[in-house]
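So that we are looking at the same thing, I have put the structure below in structure tokens.
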Amino acid sequence: MKIERIELREIRLPLVTPFETSFGRTFERHIILVKVFGDGLHGWGECTVGENPFYNHESTQVAWTVIRDFVGPMVLGREVESPEQVPQLTRQIRGNKMARAAVECAVWDLEARRRGVPLWQLLGGTQQEINCGVSLGLEASDAAMLMKIETEVAAGYQRIKIKIKPGRDYEMIRALRKEYPDIVMSVDANSAYTLDDVELLKKLDEFSLLMIEQPLSYDDIIDHAALQPQLNTAICLDESILSVDDARKALQLGACRIINVKLGRVGGHTEARKIQAYCHERQVPVWCGGMLEAGIGRAHNIAMSTLPGFVLPGDVSASKRYWAEDIIVPPVEVTPRGTIPRPTGVGLGYEVNEKRIDALTVRTEVIEP
Ligand code: OSB
Ligand code: MG
């Protein structure tokens, strides 16, 4: 199949409630959508980049430029036998994996539509439904955190993840654990600590957390390897894992026991599958992270999460937790068991609501060979 044309759009989508992590607060998403044309069909991708370069080095503005000036020209007019060839076409670009993943994921959707199969099937998915958790942003008070937990536990979510940062960690988790001693709970620090905080991190062992996600630097593996043996709680790496090579190094050094897979962070489905296969062979559990995605990114996450080895509940949850109205139809919904059934339709398996997208679009650009 030849990649004939790429359409870029940026949409603005306000969150139903602001989301706060250790690196900042998000009120409204600025999302790049990628539509890739080939063989008379098209596929959709969503760039999972943040508005600011605070989670990683990428940001919406820069990703737009990288896709338009580099990723686009490298893939347009090229014949690909499989979407797995797309990362090869853009390998000269260092980093910028979220920009590259947006196009790579769109080609996977396109290929699934070309073959008339669901994307999860093309990827090799085996699970009928995926296990879902929620990631709760920081709130001003413990009482407000407790109200959020109550809502999500009642909705059936299988795991509650709480964002932490210095000053909102041990005491807060102790207060929340006191009210909810039995739920599956984890914490995510988004790189807010250093090895100087070992004593505090050790104390979190008291709370029988499923994991502590990315406590140390976004680009670190070595210090995490020094930390993990000092904790009973499993470390899960998010920011530090950009490739299967990173996953191998982290596991070989004992820097973590669990890996969070995010399509954007690792450059798309091709690399995500390599990480999944590497971890699955070694019985290392993985789960699908989230980046406050709209429906297209969410549908890609659901397809990936059906692969074997995605055993732990992911951060993939119902559309209504994020948006008044999603850009896909139907919106993503979660069963009372805290699962999302895999969709039955071809490609992403959800209809893309182009009318809604048009109404949200603030800029468009067409890239052609
Ligand atoms: O670290 O998992 C993270 C959101 C933005 C950036 C980083 C992260 C997150 C989340 C939200 O935790 C997950 C979601 O609900 O999409
Ligand atoms: Mg994280």
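For residue 139, only one of the following conditions fails: (1) assigned to a loop (DSSP other than H, G, I, E, B); (2) in contact with a strand residue (DSSP E or B) (Cβ under 6 Å, 6 or more places away or on another chain). What is its number?
(2)
Kindly indicate the residue of the stretch 1-32 that is among the charged types (D, E, K, R) and within 16 Å of ligand 2 (Cβ to nearest atom) and also most open to solvent (accessible area, probe 1.4 Å) among those meeting that condition.
The qualifying residue most open to solvent (accessible area, probe 1.4 Å) is 25.
Turning to a different aspect of this structure: Could you check the stretch 148-227 for helices (runs of 4 or more DSSP H) lying wholly inside it with 2 or more residues that are over 23 Å from residue 133 (Cβ atoms), touching a helix residue (DSSP H, G or I) at 6+ places or on another chain (Cβ under 7 Å) and more than 16 Å from ligand 2 (Cβ to nearest atom)?
198-203, 222-227
Can you pull out the residues in the stretch 191-216 that are hydroxyl-bearing (Ser, Thr, Tyr) and either buried (at least 16 other Cβ atoms within 10 Å of the Cβ) or touching a His at 6+ places or on another chain (Cβ under 6 Å) (or both)?
191, 193
Related question: Pick from 219, 188, 245: which is surrounded by 15 or more Cβ atoms within 10 Å (Cβ to Cβ) and either touching a strand residue (DSSP E or B) at 6+ places or on another chain (Cβ under 6 Å) or among the acidic types (Asp, Glu) (or both)?
Among 219, 188, 245, only 188 is surrounded by 15 or more Cβ atoms within 10 Å (Cβ to Cβ) and either touching a strand residue (DSSP E or B) at 6+ places or on another chain (Cβ under 6 Å) or among the acidic types (Asp, Glu) (or both).
What do you reckon, is residue 80 surrounded by 18 or more Cβ atoms within 10 Å (Cβ to Cβ) and touching a Ser or Thr at 6+ places or on another chain (Cβ under 8 Å)?
Here the answer is no, as residue 80 does not meet what is asked.
For residues in the stretch 258-286 being touching a residue at least 40 places away in the same chain (Cβ under 8 Å) and within 16 Å of ligand 1 (Cβ to nearest atom), which is surrounded by the fewest Cβ atoms within 10 Å (Cβ to Cβ)?
The extreme case among them is 258.
Considering 321, 337, which residue is surrounded by 17 or more Cβ atoms within 10 Å (Cβ to Cβ) and among the charged types (D, E, K, R)?
From the options 321, 337, the qualifying one is 321.
The values are calculated or read from the model by the stated rules, or taken from the named source; none is laboratory data. Bear in mind the structure is a predicted one, so any value in this text is a computation, not a measurement. Quick reminder, even Gly has a Cβ in these numbers, built from the backbone with ideal geometry, and neighbours come from all protein chains shown. Quick note on the areas: whole protein, heavy atoms, side chains included, nothing else; ligands and nucleic acids left out. Shrake-Rupley method; radii C 1.70, N 1.55, O 1.52, S 1.80 Å.
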